[in-house]
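**Student:** First the structure, then my questions, so here it is.
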Amino acid sequence: MPDRPASPWRRRVAVLLALACLPLLARAQANYEIQVYGAETVPPETLMVELHSNFTVEGEKETIDGMYPTNHQEHETIELTEGLNDWSELGFYIFTSEQDGHGVQWVGDHVRPRVRVPDSWGWPVGVSVSTEIGFQRSAYSTDTWTWEIRPIIDKSVGRWYFAVNPALERTLHGPDVEQGWGFAPSIKISYDFTRVVSGGIEWYADYGAIGNIAPVHNQQQQVFVVTDLNVSPVWEINIGIGIGATSATDHLIVKAILGRRFDWGRHSPVD
Amino acid sequence: MISRRDFLGLSSLVALAPPFASFAENLAEPDYRIDIAPVTLDLSPRHRLKTTAYNGQVPGAVLRLRENQPVTIEVANHTDRPEVVHWHGLFTPPDLDGAIEEGTPAIEVGSTARYAFTPRPAGFRWYHTHTMAMNDLTRAQYSGQHGFLIIEPRNDPARYDQEFFLALHDWAGYLLANEDGAMNPSYAVSTINGKVMGFGEPLRVKQGQRILLHVLNSSPTEVHWVALAGHSLRVVALDGNPVPTPRTVPMLRVAPAERVCAVVEMNNPGVWVLGEVRKHVQALGMAVAVEYENRQDPARWEQPSDLIWNYQQFAATRPSDSSSDPPIAVPLVLESKFRGHGAMEAWTINGNSYPDTRIAPLIHGRRYRLQFINMSMDDHPLHLHRHSFELRALGAPLAAAGGAAPNDLRGIMKDVVLVDSQTRAEVEFTADNPGATLFHCHQQNHMDLGFMMLLHYA
């Protein structure tokens, strides 16, 4: 007998169950991974390896609550994402920091499962939800265990691309554990100048606890001017420079993401 | 009421009294009627969709015409937008061919049109809508508007006991980003004769029979590979035209709008799957059971491990006389035009998109050699209206020294040829059917976005 298609009804239930089982909240990764997520997931039998390089040109210069100043910190984050099937993936992060006087330091690790609405459902926008939980050392974040849930909605219209990540996050262990849920949305708008070169704006915010929105100067507000270079289906290149508009935000950051897909499956022409 | 015999008699007066002949045509009963109307189609118990079809069925009825015997087909448009029916592979005049670009009038909403023509050449042809869909993946060729057309005599090169008509089609399209950075249609359901595997009737055969399969790919955009488990297929005709060298092959490759006729010896009793070779497409439903008499076993599939096909194997084994005048070469460079990662690509022929595509007018009676230089990342099923062409060279990589085609083919007559990405292919045809003639890629989204050119006679 030929392979039979999976029941769409069963697939819907599976996706909805997966969404319902997601953990609730997480804390933002500060300046270790600066990225607005698109809804697409990594295909099955594919490993996506990304290197996030972020340098704080101008940041916090004082040690606060035992936390190292961010000024001139170089963050290198390795992100490994494996596609599980055509609607889910699992990501893993290794965060590191390099700074004069502190050398290269391991900061922490996160895991990030993600599910999405399959293309075959025919939704007018891409939709996925990721959740991220992990640990970071107290020298780099007073909140050592954090949890994030990130809905992701995106849409490509001609040369324009829009993505919204209204992330919710919370501390599981640390001084902010009593604050409950925080709201940290991010948005990306970009335009395809050519098949290879896209450019746009990414905006990242952290308003603090829901129900107790922080004063403006205590909010994090960052805007990046970015370019994406679509040189190949297997490569991902994103470069940007961002400014922080509030006193609670690092004032000037340069970021780069270099990603490479590795297709490790054995594919034949008839698959 | 005027009988068909009376009508034909009246039609013979055409040369003397054209207005009267036209009047007679309008009075006569048509040989066939086609109603274009919305229909709800059950592709499977789980897949019901609204589409547009001919006479309420998908595929439309098999039209059997006789070569050189005039025919009248009446078409009524019950949809909410203008329609037109293209007689694919026929040498019809441009005002009847069924392409609005050539001058065939559209059938307006609620109107009826009569197509009266003399069918030729003999062979397996088909009829389908020739409208635009753009971003609406339910219209035009994405719909169910397609049917088989046979012009007798078919010059069948092989005896057969039973024949089957099979239309491969893809449904419920949605746009998906592909690897070259643009959007392309993808599909949720794929069918044979409008049914997914297990939902339609099996093909019932008897041991010892020779069956003739007429396989049509009516898909809006997809190339399909088809095999019959437990059996080989002897290809006897491509696009309805007998091939010089029939070959037995393990599978067929059928590009959009192509037709393949293959004879199968039913010598392996059981119940077998005839279906798409690629697992993910067969999983969408593109298969049908072939059931021997008195066998009720579960349908068996034998998964091929590779995709095997080339046109060259069907060519004449000896080159024909090449002493005639060399053809006029017409290079056609085929390229895509980026419109954003969130859009389908536009297409150009020699740097221009339709309606700005053009070449020098054709000279009646001259031989032309179309040289397709496919610079794009897509394969293209290229179709020439109102003429057949001969495959002369295929598959030469563009990177090859001098871009020269390595082979010299003869004898394969077609009206659609699949030109692989980054290759060069060449076909020849004789300009012997004056009038506007459309050339285009038969992928619906490609022709919608500029991949067409109108050839004019001088």
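**Student:** For the protein assembly as shown, give the percent of accessible area contributed by carbon and sulfur heavy atoms, probe 1.4 Å, rounded to a whole number.
**Tutor:** 56
**Student:** Using a probe radius of 1.4 Å on protein heavy atoms only, what is the accessible area buried between chains B and A, both sides summed, to the nearest 100 Å²?
**Tutor:** Working: alone 18660 and 14170 Å², together 30610 Å².
What B and A bury together is about 2200 Å².
**Student:** Using a cut-off of 15 Å between alpha-carbon atoms, which aspartates and glutamates can reach B:Lys195, once sequence neighbours fewer than 8 places away in the same chain are excluded?
**Tutor:** B:Asp42, B:Asp170, B:Glu276
**Student:** What number, rounded to the nearest 500 deg cm²/dmol, is the helix-based mean residue ellipticity at 222 nm of chain A, given -39500 (n - 2.57) per DSSP H run of at least four residues and division by all its residues?
**Tutor:** On the way: 1 runs with 13 residues, N = 271.
Helix-only estimate at 222 nm: -1500 deg cm²/dmol.
**Student:** If you don't mind, another one. Any of A:Lys155/A:Lys255; B:Lys50/B:Lys337; A:Lys61/A:Lys155; B:Lys279/B:Lys337 with alpha carbons more than 29 Å apart? Name them for me.
**Tutor:** Violating the 29 Å Cα-Cα cut-off are B:Lys50/B:Lys337; A:Lys61/A:Lys155; B:Lys279/B:Lys337.
**Student:** Further, regarding this structure: Evaluate peptide A:113-122: per residue, the Cβ atoms of other protein chains within 10 Å of its Cβ; return the mean as an integer.
**Tutor:** Whole-number average of other-chain Cβ neighbours for A:113-122 is 2.
**Student:** Exposed loop sites here are GluC sites (Glu not before Pro) in DSSP loop states with at most 12 other C-beta atoms within 10 Å. What is the longest stretch of chain B lacking them?
**Tutor:** Here the longest segment lacking exposed loop sites spans B:303-458.
**Student:** Tell me, which residues of region A:241-271 get at least 50 Å² less accessible area when the other protein chains come in, versus the chain alone (1.4 Å probe)?
**Tutor:** At a threshold of 50 Å² (probe 1.4 Å), the residues of region A:241-271 that become less exposed are A:Pro269, A:Val270, A:Asp271.
**Student:** Any idea how far apart B:Val62 and B:Ser44 come out in nm if each label point goes 7 Å out from Cα toward Cβ?
**Tutor:** 2.7
**Student:** Now for a different question. How many partner chain Cβ atoms sit within 10 Å of a residue's Cβ in peptide B:337-345, on average, as a whole number?
**Tutor:** Mean number of neighbouring Cβ atoms from other chains: 6.
**Student:** What residues in region B:250-289 lose 50 Å² or more of accessible surface when the other protein chains are added to their chain alone (1.4 Å probe)?
**Tutor:** Listed in order, they are B:Lys279, B:Ala283.
**Student:** Using Cα-only point scatterers and the Debye equation, what is log10 of I(q)/I(0) for chain B at each q in 0.05, 0.09, 0.12 Å⁻¹, rounded to two decimals?
**Tutor:** -0.17, -0.59, -1.09
**Student:** Turning to a different aspect of this structure: Taking Rh as the Kirkwood radius, which is the inverse of the mean 1/r over Cα pairs, what is the Rg/Rh value for region B:253-395?
**Tutor:** On the Cα set of region B:253-395, Rg over Rh gives 1.07.
**Student:** State in Å² the accessible area per residue of region B:94-147; use a 1.4 Å probe, count heavy atoms of protein chains only, and round to the nearest integer.
**Tutor:** 32
**Student:** If you don't mind, there's one more thing I want to ask. Considering the alpha-carbon set of region B:169-247 alone, what are its Rg and its Dmax in angstrom?
**Tutor:** Cα radius of gyration and Dmax of region B:169-247 are 16.3, 51 Å respectively.
**Student:** With +1 on each Lys and Arg Cβ and -1 on each Asp and Glu Cβ, how big is the dipole of region B:187-252 about its Cα centre, in debye rounded to the nearest 20?
**Tutor:** Dipole about the Cα centre, nearest 20: 320 debye.
**Student:** Using the scaling law 2.2 N^0.38 Å as the reference, what is the normalised Cα Rg of the protein assembly as shown?
**Tutor:** In units of the 2.2 N^0.38 Å rule of thumb, it is 1.15.
**Student:** Which of A:Ile189, A:Ala209, A:Gln219 sits farthest toward the positive end of the charge dipole of region A:157-225, with +1 on the Cβ of Lys and Arg and -1 on the Cβ of Asp and Glu?
**Tutor:** The residue sitting farthest along the positive end of the dipole is A:Ile189.
**Student:** Something else now. Could you let me know the centre-to-centre spacing of region B:33-109 and region B:407-432, using Cα atoms, in angstrom?
**Tutor:** Using only Cα atoms, the two centres lie 28 Å from each other.
**Student:** P(r) tail for region A:168-271, what percent of Cα pairs lie past 23 Å?
**Tutor:** Pairs farther apart than 23 Å: 48 percent.
**Student:** Could you work out the relative contact order of chain B? I mean the mean sequence separation of Cα pairs under 8 Å and 6+ apart, divided by the number of residues, in percent.
**Tutor:** 13
**Student:** Which listed residue (A:Trp121, A:Pro43, A:Ile239) has the Cα farthest towards the positive end of the charge dipole for chain A, taking +1 on Lys and Arg C-beta and -1 on Asp and Glu C-beta about the Cα centre?
**Tutor:** A:Trp121
**Student:** Just to be sure I understand: if I project the alpha-carbon convex hull of region A:56-193 onto a plane and average over all orientations, what area do I get in nm²?
**Tutor:** If I average the Cα hull's projected area over directions, I get 10.4 nm².
The values are calculated or read from the model by the stated rules, or taken from the named source; none is laboratory data. This one's a predicted model, so the numbers in the text were calculated from it and none came from an experiment. For neighbour counting, all protein chains shown are included, and Cβ atoms are generated from backbone atoms with ideal geometry for every residue, glycine included. The area values use the complete protein model at the heavy-atom level, side chains included, leaving out ligands, DNA and RNA. Shrake-Rupley method; radii C 1.70, N 1.55, O 1.52, S 1.80 Å.
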